[in-house]
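Participant: Mind having a look at this structure? Questions to follow.
Please treat every number below as a calculation from the coordinates, not as lab data. Note that this is a predicted model, so its numbers are computed, not measured. Using ideal geometry, Cβ is built from the backbone for each residue, glycine included, and neighbour counts are taken over all protein chains shown.
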C-alpha cells in the first residue's frame, strides 16, 4: 500500500504539473489514468463448538435373582398346522388381434392410388399363477408349557452413574479480507497529447 501511495503522489504531482503547464500554454508530456484495485478476500475454515459438553445421571436398576419351582401352565395339545400352497407365476403369449389387411388411398406422383396394407398379428404376454404344490394340513403336538415361579432376591443393588458427553465441534467457512484494495495511476498515451 505504501508503494501505491508514493506512486499515486508522484503521478498526481506530474499530472498537476502537466495540467498547469498545458493551461499556461505549455505542452503535456505525460498523462496518467486512475486504476482501481478491488479488495481481495479468501475463504478460511474455523473450528467452532456446535454442542457443549453435557453430563447426566443414569440410574442402573437393581439386579434380582430368583429361586425357581416349575409348574404346568398349559397341558400338551394337538393342533393343525397349515402349510400354504406353493405357487409360481408363468408367462405366456396370447394373440390379441389376428393378422389382416386394410385398404387405404395415397397420392403418389399426383395420382390417387389404392394401396393394400398388411398388419401383422398383435400379441401380448400375460401372467398366470399355477399351483406347484397344494396346501397341506398336518397334526402337530404342542408340548405342555411350564413356568418357573420363584422368590425374588437382590443380587446387585440400584446404583447411580454419572455420564459425561463431550462437546461436539464442526468446521465453518468464512470470508476474510486479505487486501483492502485501493487505486493507483497508470501512464497512458492520448492522441495529440502526452507525446514525447
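Participant: Write down, largest first, the equivalent ellipsoid semi-axes of the range 61-112 in whole Å, where each equals the square root of 5 times an eigenvalue of the alpha-carbon gyration tensor.
Facilitator: Values: eigenvalues 1374, 100, 10 Å².
Here the semi-axes work out to 83, 22, 7 Å.
Participant: Would you calculate the volume per residue, in Å³, of the smallest convex hull containing every Cα atom of the range 65-196? If you can, show how the numbers build up before the last one.
Facilitator: Values: hull volume 66.8 nm³, N = 132.
Measuring per residue, one finds 506 Å³ for the Cα hull of the range 65-196.
Participant: Once you order the gyration tensor axes a ≥ b ≥ c over the Cα atoms, which shape class does the range 30-135 get: rounded for a/c under 1.5, otherwise prolate or oblate by comparing a/b with b/c? Display every interim value, and only then the final one.
Facilitator: Working: a/c = 9.62, a/b = 1.10, b/c = 8.78.
Cα axes put the range 30-135 in the oblate bin.
Participant: Right, something else. With an 8 Å cut-off on Cα pairs and a minimum separation of 6 or more residues, tell me the relative contact order of the range 72-140 in percent. Write down the numbers at each step before the final one.
Facilitator: Numbers: 115 pairs, mean separation 33.8, N = 69.
After rounding, I find 49 percent.
Participant: If you take the beta carbon distance between residue 139 and residue 87 as r and set R0 to 22 Å, what does 1/(1 + (r/R0)^6) give as a FRET efficiency, to the nearest 0.05? If you can, show how the numbers build up before the last one.
Facilitator: Details: r = 24 Å, r/R0 = 1.10.
Result of the calculation: an efficiency of 0.35.
Participant: Multiply the residue separation of residue 102 and residue 69 by 0.36 nm, subtract the distance between their alpha-carbon atoms, and state the gained length in nm to one decimal. It would help to have the intermediate numbers written out before the result.
Facilitator: Numbers: separation 33, 0.36 × 33 = 11.88 nm, distance 9.00 nm.
Gain on stretching residue 102 to residue 69: 2.9 nm.
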